[in-house]
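Below: one structure, written as structure tokens.
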Amino acid sequence: MGHSHTFGPARHDPPRRRLAVALAVVVGTIAAATAIGVVVLWPDSSAVPHGQNPYNGPGVSIIDANVKSATPLECGSGGQGPDGMPEVDGTCAAVSATTKFGNATLTLDAARAKAGIQPGDKIKVVRIAQQGQPISYEFYDFQRGVPLVLLALAFAILVVAVARWRGLLAMVGIAVTLIALTKFMLPAFLAGENPLPVAIVGSTGIMLVVLYLAHGISIRTTSALFGTLAGLAITAGLGLAASGWTNLTGIGSEDDQVLAAVAPLVDLSGVVAAAMVVAGLGVLNDVTVTQASAVWELRAAKPTADALEIFASAMRIGRDHIASSVYTLVFAYAGSAMTILLLIVAYQQGLAQMATTEQIGQEVVRTLVGAIGLVLAVPITTAFAVFLAPGTSAPAPLIPPVAPVGGRRRAAPPYVPVNNPGDV
């Protein structure tokens, strides 16, 4: 009586269950260390400064108003102001509006009047009703609450509709990020805690939650996490060294000076380095997740390829991603600093000269440090992913013909290569 043999794929990778347990221990240790860091660095509420809002003083309030009319008003605008800065040349606007307290009249400066205001516009005004003085009104801003809420809802609906559960979990990740920033990181900065450790601990906590929420709990996500944390560490170290090397003080604008006065304990120079860590989170996360996914897909497509071949293939993808991501960093800065760049051109000053100023130098250093961390994170993440991805498999041999039974030979099934089971 004939007999058959069973042939399976050659497995060279470590048992996946034991690997998953080991990685869970490592990630758990990182999470525990992060939690301890949050507890140690959590700011005392009494140490967080609370500057007096100039619009919340006695008799001062901000209220909604609807514009009834806006007529040109000659106000002598133009030339230089009292502080020596140039003023907008043009006419102001006499604005009449309705409020819950009745009619209000106010004067709009030439710059805002030139930007445009029309009857029917919804605005916010400062109502000054101090004892012994007539009630007066000043323009504060336009009402933007409804458009912003509708845009946010449209964004959330589209993300959930396209990405489904992944998109919904990504929305939860955004909420977690905002909570970490507003409840831990920013108050800790104001309370005088060392900004860089706060940024590292806060960013690590954000990544631990966001990555697993958006991409699921898996060895692939863990490899992206390791690459992200490596990129964060590199960015933090470079940011600290670069901010000291280039003498970035954190005082680059009028807002910085106001912050230094309101929160005297804040280390503005350290905040510059911390901002480099936070600013690079989004792009860094994008690159590391993409690289980890690329390695897994390449492994599935080439089950017999060795580690070096997979690494080389993934790095070809990574090089394209690096190029596009570096452009993203530059374009993001150019868009956010468009006013400053326009002033550079208007003043006819050389870009090299303006780049060395505090205000622009901060952004230049932030962009370069973030780009360096991003570039180095690609090969690091790829190496982690190649090491943790399912190992190579030898092609399954053809199943030999089965011995005849009852005088009839059964045909062998077609050749089907057996690959490693998918990762979890």
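Values quoted throughout were computed directly from the atomic coordinates according to the rules given, and no laboratory measurement underlies them. No experiment lies behind these values; they were computed from the predicted model shown. All Cβ positions, glycine included, derive from the backbone under ideal geometry; neighbour counts span all protein chains shown.
Points to keep in mind about this one:
- Placing a label point 7 Å from the Cα of residue 323 along the Cα-to-Cβ direction, the residues of the stretch 361-385 whose backbone N falls under 19 Å from that point are 371-372, 374-379.
- Kyte-Doolittle mean at least -0.5 and Cα axial length at least 18 Å: DSSP H helices in the chain: 16-41, 145-163, 165-180, 195-215, 219-245, 281-301, 307-336, 358-388
- Structural descriptor for the chain: relative contact order 19 percent, calculated from alpha carbon pairs under 8 angstrom and at least 6 residues apart.
- A simple spin-label model places pseudo-atoms 7 Å from Cα toward Cβ; at residue 24 and residue 307 they are separated by 2.5 nm.
- Mean silhouette area of the stretch 60-142, derived from the convex hull of its C-alpha atoms and averaged over all directions, reads 6.0 nm².
- From most to least packed by mean Cβ count within 10 Å, the peptides 316-325, 217-226 give 217-226, 316-325.
- Approximate spin-label separation residue 156-residue 345, in nm, with each point projected 7 Å along Cα-to-Cβ: 3.8
- Partner lysines whose Cα lies under 19 Å from the Cα of residue 122, excluding those fewer than 8 positions away in the same chain, are identified as 68, 100, 114.
- Ranking of 50, 215 by count of other Cβ atoms within 10 Å, fewest first: 50, 215
- Contour minus Cα-Cα distance for residue 129 and residue 94 (0.36 nm per residue): 10.6 nm
- Charge-dipole axis of the stretch 79-211 as Lys and Arg at +1 and Asp and Glu at -1 on Cβ define it, positive-most pick from 204, 103, 128: 204
- Set of aspartates and glutamates with alpha-carbon distance to residue 124 below 20 Å, sequence-local pairs under 8 removed: 64, 109, 138, 141
- Highest-fluctuation residue, 289, 60, 88 considered, GNM on the chain with Cα pairs under 10 Å: 88
- CD proxy at 222 nm, helix term only [per DSSP H run n ≥ 4: -39500 (n - 2.57); per residue of the chain; nearest 500]: -19000 deg cm²/dmol
- Protection proxy ranking of 203-213, 157-167, by the mean of other Cβ atoms within 10 Å over each peptide's residues and highest first, is 203-213, 157-167.
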